[in-house]
Amino acid sequence: MTATAFEYGPEHVFVDPYACGDDFLLSPPNPADRLDITLDPRDRRRLDLHAALTAAGIPPRPEDREAIESLSALPGSINTTIQRWLHHTL
């Protein structure tokens, strides 16, 4: 005999830990505490490519690192085109 979920008592209620108003585990970030660092364009393209791949449902694997580094070294217009292609896969 198999048991079903409702045989074990009342339904479980989902509790959102962030819906408690002002009771946060961490305080909101202070914009004055941000570091004044600019990213190298190649690093920015690499991060953007990682994000675009992940958003398209293709999370990069560790063995993809060399390919992503090579693509990030290409001009920004090529990286923008690749990201546009990935966004159209959604």
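Just to be sure, is A73 among the hydrophobic types (A, V, I, L, M, F, W, C), over 22 Å from D40 (Cβ atoms), surrounded by 11 or more Cβ atoms within 10 Å (Cβ to Cβ) and without any contact (Cβ under 8 Å) to a residue 40 or more places away in the chain? No.
Restricting attention to segment 54-76, report how many residues are in a loop (DSSP other than H, G, I, E, B) and either over 18 Å from T89 (Cα atoms) or basic (K, R) (or both). So that I can check it myself, show each step before the final result.
Initially, segment 54-76 is screened for residues in a loop (DSSP other than H, G, I, E, B), giving 56-61, 74-75.
The next check asks that each one be either over 18 Å from T89 (Cα atoms) or basic (K, R) (or both); those that pass are 61, 74-75.
The number of residues fulfilling the criteria is 3.
Considering segment 36-70 alone, what residues qualify as being aliphatic (A, V, I, L, M) and in contact (Cβ under 8 Å) with a residue 24 or more places away in the chain?
L49, A52, L53, A55, A56, I58
Just one of R34, R61 is basic (K, R), out of contact with any Phe, Trp or Tyr (no Cβ under 8 Å at 6 or more places or on another chain) and modelled with pLDDT of 90 or more; which is it? Every option except R61 fails the conditions.
The values are calculated or read from the model by the stated rules, or taken from the named source; none is laboratory data. Everything numeric here is computed off the predicted structure, so don't read it as measured data. Every residue, glycine among them, receives a Cβ derived from its backbone with ideal geometry; neighbour counts consider all protein chains shown.
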